[in-house]
Amino acid sequence: QVQLVESGGGLVQPGGSLRLSCAASGSIFSIYAMGWYRQAPGKQRESVANITSNGRTNYADSVKGRFAISRDNRKNTLYLQMNSLKPEDTAVYYCNTAPPDPGNFGSWGQGTQVTVSS
């Protein structure tokens with residue numbers, strides 16, 4: 001069974017906003033630091049943001065001030081609020097533990113596509 005399911009992506013214009021969600025199952029969500037990652041065509045997957053089990057956050061320099069990561073441990077769900085989107089944010093976005101480890105929630109999920117274009 002799939003343990004990490006991302007949703008919420010779509011096509012938006014530059015300057016627009018999206019909220020991504022990640023539903024986790026199959027393990028104890030609340031004890032893990034979690035993160036959002038993205039991969040653009042022809043590029044390596046990169047870390048976007050992460051959040052500890054107690055809610056402390058860190059962001060890549062490229063998204064600081066624009067993105068906000070959060071979690072709801074009662075719902076086993078991770079969120080990424082994305083504002084002031086830029087074309088360079090276009091990528092497939094994934095969630096996983098921080099750092100990623102297949103021993104926690106298994107392999108990468110399907111991801112959700114975010115396309116920022118005018």
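The values are calculated or read from the model by the stated rules, or taken from the named source; none is laboratory data. Just so it is clear, the model here is predicted, and its values are computed rather than measured. Backbone-built Cβ (ideal geometry, glycine too); neighbour counts: all protein chains shown. Please note that ligands, DNA and RNA were not included when accessible areas were found on the heavy atoms of the full protein model with its side chains. Shrake-Rupley method; radii C 1.70, N 1.55, O 1.52, S 1.80 Å.
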Can you pull the Rg over Rh of the chain, Cα-only, Kirkwood?
-> 0.94
Solvent exposure of the range 62-118 as accessible area per residue, Å², 1.4 Å probe = 49
Could you check the simple spin-label distance between T52 and Q13, using points 7 Å along Cα→Cβ, in nm with one decimal?
-> 4.1
With no solvent and one point on each alpha carbon, what is the Debye value of log10 I(q)/I(0) for the range 70-118 at q = 0.18, 0.19, 0.30 Å⁻¹?
-> -0.72, -0.79, -1.19
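Can you list, largest first and rounded to whole Å, the semi-axes you get for the range 2-65 by taking the square root of 5 times each eigenvalue of its Cα gyration tensor? Please list the in-between numbers first.
Details: eigenvalues 97, 49, 33 Å².
The equivalent ellipsoid of the range 2-65 has semi-axes of 22, 16, 13 Å.
Please state the shape class of the range 33-73: rounded when a/c is under 1.5, otherwise prolate if a/b exceeds b/c and oblate if not, all from the C-alpha gyration tensor.
Details: a/c = 2.75, a/b = 1.76, b/c = 1.56.
It comes out prolate by the Cα gyration axes.
Report in % the part of the accessible area of the chain that belongs to carbon and sulfur, leaving out ligands and nucleic acids; probe 1.4 Å. Each step should come with its number before you reach the end.
Working: 2840 of 6290 Å².
Here it works out to 45 percent.
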Taking the chain as a Gaussian network, Cα atoms linked when under 10 Å apart, which of N83, N54, N96 shows the biggest mean-square fluctuation?
-> N54
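Using a probe radius of 1.4 Å on heavy atoms only, what accessible surface per residue do you get for the range 1-48? Whole Å² is fine. Let's see the in-between values first.
Details: 2650 Å² over 48 residues.
Dividing the accessible area of the range 1-48 by its residue count gives 55 Å².
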Checking L80, L11, L20 against a Gaussian network model of the chain (alpha-carbon springs below 10 Å), the top fluctuating residue turns out to be L11
